[in-house]
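The structure appears right after this line, and notes come after that.
The values are calculated or read from the model by the stated rules, or taken from the named source; none is laboratory data. The model shown is predicted, which means the values in this text are computed figures rather than measured ones. Ideal geometry is used to build each Cβ from the backbone, glycine not excepted, and the neighbour counts take in all protein chains shown. When the accessible area is computed, the model is the full protein with side chains, heavy atoms only, and any ligands, DNA or RNA have been set aside. Shrake-Rupley method; radii C 1.70, N 1.55, O 1.52, S 1.80 Å.
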Amino acid sequence: MHQHTLAELSRGLAAGDYSSLELTRHFLERIARHDPALNSFISVTAEQALAQAAAADRRRQRGEAGPLTGLPIAHKDIFCTQGVRTSCASRMLDNFIAPYDAAVVERLQAAGMVMLGKTNMDEFAMGSSNETSFYGPVHNPWNLQRVPGGSSGGSAAAVAARLAPAATGTDTGGSIRQPAALCQLTGLKPSYGRVSRWGMIAFASSLDQAGPMTQTAEDAALLLQAMAGHDRRDSTSIDRAVPDYSAGLDRPLQGLRIGLPRAFRGPGLTPAVAALVDAAIAELVAQGARTVDIDLPHMELSVPAYYVIAPAEASSNLSRYDGVRFGHRCEQPVDLTDLYTRSRSEGFGAEVKRRIMIGTYALSAGYYDAYYRQAQKIRRLIAEDFERAFTQCDIIAGPTTPSTAFALQAHQNDPVAMYLSDIYTIAVNLAGIPAISLPCGQADGLPVGMQLIGPYWSEERLLQVAHRYQLACPWHRQVPPAYA
Ligand code: GLN
């Protein structure tokens with residue numbers, strides 16, 4: 001059963017080949033067997049999952065099942081889940097039981113999905129390797145000595161090892177697409193405002209966006225359908241009709257204009273990755289698309305701009321963890337300052353502290369104009385680069401990451417090397433536009449991802465192109481040998 005996609009499992013449930021209870025038990029058993037070596041889950045909610053599965057089976061018997069009813073899913077531990085620990089992989093929230101469900105969780109639950117548990121991640125989603133988690137690193141199922149990518153590394157490893165048929169992730173600078181690429185999955189970062197951020201623990205609010213991590217584009221369409229939509233509780237959620245994401249998946253690619261930016265061919269790109277991405281683009285051309293060279297002149301400024309804006313927003317968002325209302329509190333504080341200082345010193349890990357310091361500095365009175373305002377101007381220029389590019393092409397294609405999964409601890413003492421692993425994903429978040437990563441082959445036994453980027457609200461188009469590619473090149477069918 002675990003070899004199947006969500007779409008296939010949905011048909012299996014509808015045909016009565018198995019019940020949701022059987023399916024859920026199967027995945028829970030796989031988690032128990034395989035997760036000790038992967039560390040992809042922070043919490044497994046077995047009892048609740050079995051109860052939800054039984055309820056889904058009853059719903060089906062009443063004739064009220066939808067396409068997602070009874071299908072298991074894992075949620076990144078950044079989404080609040082009522083009555084269940086929601087840690088954001090931080091010691092700060094190790095003891096935090098969320099009092100309500102995030103909008104994404106609520107919607108998928110209303111569609112009848114069964115939550116298997118909460119997945120590991122970088123602390124407060126800050127990282128590209130899943131090594132900053134308070135609960136320890138996640139291992140890549142394709143090679144346990146390698147990172148799964150981050151920050152949604154637990155979600156990626158769990159789906160790649162088929163411990164869950166799909167998972168949720170969040171993407172502030174690449175955290176859905178980068179781990180999807182390194183684990184051979186499909187990961188979609190929707191347009192900013194498409195999916196509600198309500199109940200999703202904030203990292204950098206103007207960049208954060210939730211999305212699906214799945215085996216296929218077809219599955220991503222199914223999940224996005226349920227996740228997307230307006231929510232009054234999130235002031236940046238956009239009130240715009242949600243199209244039928246599955247309806248146009250099969251449409252041919254005739255006439256599609258694919259933009260190839262020179263900026264995606266920088267010196268950091270490994271030749272093996274470049275070759276596989278070129279071959280994938282050639283496949284799209286063989287299906288009727290044509291390529292155009294485009295320029296994104298400010299692309300190289302995206303990493304420095306992001307590493308001012310994201311920490312600035314993070315420093316503000318994380319000020320709420322003060323040891324007073326919830327989260328970690330130090331033992332026997334002598335006064336209020338001691339309570340704040342020690343609770344935060346003990347509760348946050350090194351990367352989170354680094355970001356808070358950078359962000360506080362960038363926002364301080366003397367430096368605001370020099371750093372924060374400059375970064376915001378660059379952000380605008382990057383968004384305009386994309387707008388201009390999309391007058392010449394329908395989508396942009398390139399690599400998701402410069403290399404395949406790196407070894408655990410490879411970038412431990414070099415934060416900048418870590419930051420550069422997001423060089424191809426970050427500009428997309430600064431512009432607010434959607435992008436998808438999909439598997440396009442392997443180099444030395446490690447997965448490589450191709451990234452497709454589109455203008456605002458082009459999720460349908462991205463899913464269609466990804467689906468057409470996957471019909472011809474089924475890399476997504478490969479399962480790491482130890483988990484087949
Ligand atoms: N790796 C980037 C960072 O560390 C992006 C993380 C994310 O998308 N959450 O900030």
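For region 158-179, which residues satisfy the criterion of being within 16 Å of the ligand (Cβ to nearest atom) and not in a loop (DSSP other than H, G, I, E, B)?
Residues satisfying the conditions are 167, 168, 169, 170, 177, 178, 179.
Considering only residues that are part of a helix (DSSP H, G or I) and open to solvent by 30 Å² or more (accessible area, probe 1.4 Å), look in region 1-12 and name the one that is farthest from residue 162 (Cα to Cα).
If we take residues in region 1-12 being part of a helix (DSSP H, G or I) and open to solvent by 30 Å² or more (accessible area, probe 1.4 Å), then 11 is farthest from residue 162 (Cα to Cα).
Where residues in region 13-43 are open to solvent by less than 70 Å² (accessible area, probe 1.4 Å) and not in a helix (DSSP H, G or I), which of them is nearest to residue 58 (Cα to Cα)?
My answer is 19.
Looking only at region 242-284, count how many residues are outside any loop (DSSP other than H, G, I, E, B) and either of a type in the set (Ser, Thr, Tyr) or under 17 Å from residue 462 (Cβ atoms) (or both).
Summing the residues that are outside any loop (DSSP other than H, G, I, E, B) and either of a type in the set (Ser, Thr, Tyr) or under 17 Å from residue 462 (Cβ atoms) (or both) in region 242-284 gives 11.
Check 64, 47, 106, 131 and return the single one that is open to solvent by 10 Å² or more (accessible area, probe 1.4 Å), charged (D, E, K, R) and within 16 Å of the ligand (Cβ to nearest atom).
The conditions single out 131.
Residue 73 fails exactly one of the following numbered conditions: (1) assigned to a strand (DSSP E or B); (2) touching a Phe, Trp or Tyr at 6+ places or on another chain (Cβ under 9 Å). What is the number of that condition?
Evaluating residue 73 over (1) assigned to a strand (DSSP E or B); (2) touching a Phe, Trp or Tyr at 6+ places or on another chain (Cβ under 9 Å) leaves (2) as the failure.
Output the qualifying pairs, or none if there are none: Cβ atoms under 7 angstrom, residues six or more apart or on different chains, first residue in region 39-54 and more than 19 Å from residue 140 (Cα to Cα), second residue in a loop (DSSP other than H, G, I, E, B).
45/84; 53/70
For the subset of region 320-339 comprising residues that are under 26 Å from residue 372 (Cα atoms) and free of Cβ contacts under 8 Å to residues at least 24 places away in the same chain, which member is farthest from the ligand (Cβ to nearest atom)?
Of everything passing the filter in region 320-339, 322 is farthest from the ligand (Cβ to nearest atom).
Which of the residues that make up region 384-427 are part of a helix (DSSP H, G or I) and among the β-branched types (Val, Ile, Thr)?
Across region 384-427, the qualifying residues are 416, 426.
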